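Below: one structure, written as structure tokens.
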RNA sequence: GCCCCCGUAGCUCAGUGGACCAGAGCGACGGCCUUCUAAGCCGUGGGUCGCAGGUUCGAAUCCUGCCGGGGGUGCCA
């Protein structure tokens, strides 16, 4: 499923990689037509961006071709190179080592591309790779039974960045939050809050066995007392609590929205579980499954029995007491996404604690046949976020009330650093968030380093507005070209990050670009009395600023003009 | 027991089949402000890529086993 190379992408400035890949294909065809290389099935040449002493771009395809063709890789590489059509972008091609084909990008060509970057503006880096295909990204979807945890923040930031990436790559993206405003947990929340509500008003009620114990429960109760007075008294019984539950959920959801707003995370759709249940979708999907023979009755409960070959075991759909499980509801929900709303692809971003749910959801989707192509439902599992406070790793658990909230993290380190931190690691690696360290190192945080690079670009242009220059004819240095060449790699990074579902690639690219730029800044002066060189370097700086801004935009991090 | 993720520099993490791919940030140490923001730059030190096999022309990267850490494993969500 991961796509490492995207020959089809088109943008204002075609990716260098795509150009070279096409060039190599032509070279191979020509070599084969000339009889220099044996016939092969169509070959897609992948290219690695190295940008080091060995090459700017390199392909090792000849090494793999050697097996198919039955010739020495070095000879194949040389034949391809000998038949390569000329390209203005390429200054030099050579074979090296066991059979690598190495490309050097032409300096003048690179500098010419700068105007295309600034002309493309905010769209530079984007592409039409997605072809407008409809993708839904569902993330956060935390129960409104308490404040968002730091872990939920990770999922939120990752889902949001993924949505931004997909959008930039030409997909039609819908961002969704699935609101679990029904079911057992909501009942318990209602009872928990009611306990404090009644107590505040001098009435008594028992605290539920598995009740929520966080401080916020009493706070929510107080808010309801303030807003609604005693009108809910006497309704808190388990069978008559719908309205009260809904009030509690409302308060929980409002708090969640505030956190997400502050993090810059938005949704197109807040999908209500309760509304879906009210439409009868859960009964409907169980009926559909039953018709296809995936349902069995046992021990008074209704079970889903996965198809042969599924390694997932059997799971309950309807409890013996008559209410549907989360599993059943989630199947109905996903059926809604595919069959009713017609998304071509759905990406769910889940927390690590849901990983056990992945296999059975795929099994259920398989059974429903709504996504016979298993790739239509992608489930990304973000790993745990350990919060380190005072050197100790705290245990997380919403019901116990012992967890670090996203709000606490936001208040400590701010939205930019929070987003940066979550987006600097691969999602499948567990990470440690040391609050003390994040606080203490505030000024050292890499996110400010990147933002500083952007602010510097802006500052240089402010200086240039009032600068006096005379005519000159200075040429640019290899450092100018190297910086420009790095900018041209941005679209490649974006499409890779998108297709591999790895937003952290953008983060690392930006850090690298900022490093190169800061170094350049210290070494070379942009605004001088040499009018020609100043103009050319200003164009470079504008392009750097554009790429930094676009990259930060993909991460949802502000790009300040001044710091 | 079974399932998932991880094990790379003192710390937090990139790199997941290619040849200078052994890296970054932070921390440590030493330099650099009369010039576009020193929230910066330059330099030094630091790792048998958990261990053992295997596949391959080539493995930090793929496979197997083991060891270690975290999480999941409910008619909770």
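Coordinate-derived values only; no laboratory data. All of these numbers come straight from a predicted model, not from anything done at the bench. Here the Cβ is made from the backbone with ideal geometry for all residues, glycine too, and neighbour counts use every protein chain on show.
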Rounded to 5, the percent of DSSP beta bridges in chain A classed as antiparallel: 50
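Calculate for chain A the 222 nm mean residue ellipticity that helices alone would give, adding -39,500 (n - 2.57) per DSSP H run of length 4 or more and normalising by residue count, nearest 500 deg cm²/dmol.
Numbers: 20 runs with 269 residues, N = 563.
One gets -15500 deg cm²/dmol as the mean residue ellipticity at 222 nm.
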The stretch A:184-263 pair-distance distribution - Cα-Cα, 10 Å bins, rounded %: 20, 56, 20, 4
Projected label distance in nm at residue A:258 and residue A:319, using a 7 Å step from Cα toward the beta-carbon: 3.2
Spatial separation of Cα centroids for the stretch A:489-563 and the stretch A:240-268, in angstrom: 38
Mean Cα-pair separation over length for chain A, i.e. relative contact order, pairs under 8 Å, 6 or more apart, %: 16
FRET efficiency, 1/(1 + (r/R0)^6) with R0 30 Å, evaluated for residue A:107 and residue A:522 via beta carbons: 0.85
Exposure proxy ranking, count of Cβ atoms within 10 Å, fewest first, for A:358, A:493: A:358, A:493
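Can you sort A:490, A:433 by how many other beta carbons sit within 10 Å, fewest first? Mind showing how you got there, number by number?
Numbers: A:490 26, A:433 23.
Fewest-to-most Cβ neighbours within 10 Å comes out as A:433, A:490.
Please compute the alpha carbon radius of gyration of chain A, then divide it by the globular-protein estimate 2.2 N^0.38 Å. Two decimals is fine.
1.17
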Ranked list, fewest to most other Cβ atoms within 10 Å of each Cβ, for A:507, A:466: A:466, A:507
Estimated FRET transfer efficiency (residue A:226, residue A:558; beta-carbon r; R0 30 Å; 0.05): 0.25
Pairwise FRET efficiency - residue A:353 versus residue A:53, Cβ, R0 = 45 Å, nearest 0.05: 0.45
Full-stretch length increase - residue A:33, residue A:64 - with 0.36 nm per residue and alpha-carbon distance subtracted: 9.2 nm
Crossing angle, helix A:406-422 versus chain A [Cα axis fit, 0-90 degrees, rounded to tens]: 30
Overall Cα dimensions of the stretch A:16-105 - principal axes, largest extent first, Å: 31, 24, 18
Three principal axis lengths of the stretch A:445-555 [C-alpha, angstrom, descending]: 49, 24, 19
Helix A:326-335 axis, angle to chain A major axis (alpha carbon atoms, nearest 10°): 50
Between helix A:531-555 and chain A: long-axis angle, C-alpha atoms, 0 to 90°, nearest 10: 30
Simple spin-label estimate for residue A:233 and residue A:92 in nanometres, 7 Å along Cα-Cβ: 8.8
